[in-house]
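Here's the structure we're looking at; comments come further down.
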Amino acid sequence: MNAYEVLDYLINLSEIKTEQTVDTIKAGDGNRQVKKAAVCFIATPEVIKAAHEWGADLLITHE
């Protein structure tokens, strides 16, 4: 599954339509395969670094 597919899957879990959300891929290649994802509330530089060091292919943030 790539990052675009993960995004579509998560959006489809809710009743919100794609055009009603600001949820997008902010950086990187959306076609990249996701094998490991990290989740956070705010993507601070420290969180981004930790996700990278952990080996996350995707960082999902709620901000």
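The values are calculated or read from the model by the stated rules, or taken from the named source; none is laboratory data. Everything numeric in this text was worked out from a predicted model, so none of it was measured. Here the Cβ positions follow ideal geometry from the backbone for every residue, glycine too, while neighbour counts run over all protein chains shown.
Restricted to segment 1-51, and to residues there that are in a helix (DSSP H, G or I) and among the hydroxyl-bearing types (S, T, Y), the residue that is nearest to the chain's Cα centre (by Cα) is Y4. When segment 16-62 is filtered for residues that are basic (K, R) and closer than 21 Å to E5 by Cβ, the ones remaining, listed by number, are K17, K26, R32, K35, K36.
For I60, are the conditions met, namely being in a strand (DSSP E or B), touching a Leu at 6+ places or on another chain (Cβ under 8 Å) and either modelled with pLDDT under 90 or not small (G, A, S) (or both)? Considered against the rule, which asks whether it is in a strand (DSSP E or B), touching a Leu at 6+ places or on another chain (Cβ under 8 Å) and either modelled with pLDDT under 90 or not small (G, A, S) (or both), I60 comes out as yes.
To keep it simple, each residue is scored yes or no on (1) surrounded by 12 or more Cβ atoms within 10 Å (Cβ to Cβ); (2) of a type outside the set (G, A, S).
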{"site": "E5", "(1), (2)": "yes, yes"}
{"site": "G30", "(1), (2)": "yes, no"}
{"site": "K36", "(1), (2)": "no, yes"}
{"site": "A51", "(1), (2)": "yes, no"}
{"site": "T61", "(1), (2)": "yes, yes"}
